[in-house]
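Asks: Once you've had a glance at the structure underneath, I'll fire off some questions.
What follows is calculated from the coordinates using simple rules that are stated; it is not laboratory data. Small disclaimer: the values here were computed from a predicted structure and weren't measured. All Cβ positions, glycine included, derive from the backbone under ideal geometry; neighbour counts span all protein chains shown.
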Amino acid sequence: MFIAQELGDGPGLTLDGPEGRHAAAVRRLRAGERVDLTDGAGRVAECVVREVAKDALGLDVLRRYEVPAPRPRLVVVQGLPKGDRGELAVEMMTEAGVDVVVPWPASRSIAQWKGDKVAKGLGRWRATAREAGKQSRRFHLPEVSEPATTARVAELLSGAALGLVLHEEAAEPLSKVALPVEGDIVVVVGPEGGVSGEELDRFRAAGAVPVLLGPTVLRTSTAGVAAAAVLLTRTGRW
């Protein structure tokens, strides 16, 4: 699968730029092979390679269609982890089906994006989401938003159909929480040091429910995808 910003409406398409170069020079696609294109927002073009140039493909379009956005939407607020664990978390959550990832510099985050680190960190997370979305054949690519302050996270939770905070001392298991069929489910995943008491109180005041993911304590890089698996199964998206 390849990503193209414009899918047109005629009988043919040209896949060029970095995607076309990768298809022609790295993947070495040949005339007659099937290729699917998406704009990342639900539009899909099923194509057959007509001709191959050095860094582009000429395609014949078999059909175009649109894939509805999945509901309810799953938003994961990811506390900034150290090292490359952020990219690992984004990759796994993208493959699982998370719709929005929100970077959160929590009070206990060891890593902090400041100055030019913001653009660099966002660039890495967004590139990871794009590549993981292609690999997992997602026609709706996930959004990686701008970093959110704790106040902004509280706003997201307040406006959600359901707000959840993963916490090791919560009494209610994630597997038992009543789920909405529409709107946003917002899940907060703390960093290595967890969600602070002050942050938890603020999120509770915004209407969020602290939930227990399971009997073990997961790393911040794996907690999001584990929670997503539970929620996507229970909502029927899986």
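Asks: Using a Gaussian network model of the chain whose springs link C-alpha atoms within less than 10 Å, name the residue from P180, P215, P142 with the highest mean-square fluctuation.
Replies: Maximum among the listed residues: P215.
Asks: Cut-off is 10 Å between beta-carbons; in what order do T235, T149 appear when sorted fewest neighbours first?
Replies: Neighbour counts put them in this order, fewest first: T149, T235.
Asks: Starting from the Cα of K82, draw a straight line to each of the lysines and keep only those under 26 Å, dropping any in the same chain fewer than 8 residues away.
Replies: By straight Cα distance, K82 reaches K114, K117, K120, K134.
Asks: Can you tell me the relative contact order of segment 73-234? Whole percent, Cα pairs under 8 Å, sequence separation 6 or more.
Replies: It comes to 33 percent, rounded to a whole number.
Asks: What is the fewest-to-most order of H22, H167 by other Cβ atoms lying within 10 Å of their Cβ?
Replies: Sorted ascending by nearby Cβ count, the order is H22, H167.
Asks: Moving to a separate point now. At a 10 Å Cβ-Cβ cut-off, how would you order L13, L88, fewest neighbours first?
Replies: In increasing order of surrounding Cβ atoms, one gets L88, L13.
Asks: Could you tell me the center-to-center distance, by alpha carbons, between segment 7-78 and segment 81-149 in angstrom?
Replies: Answer, in whole Å: 24.
Asks: DSSP beta bridges in segment 31-181, what fraction antiparallel, as a percent rounded to 5?
Replies: 70
Asks: Okay, which of segment 127-161 sit inside 12 Å, backbone N to the point 7 Å along the Cα-Cβ direction of V118?
Replies: So the set is 146-149.
Asks: Okay, which of segment 165-191 sit inside 18 Å, backbone N to the point 7 Å along the Cα-Cβ direction of R219?
Replies: Residues 189-191 qualify, since their backbone N sits under 18 Å from the label point.
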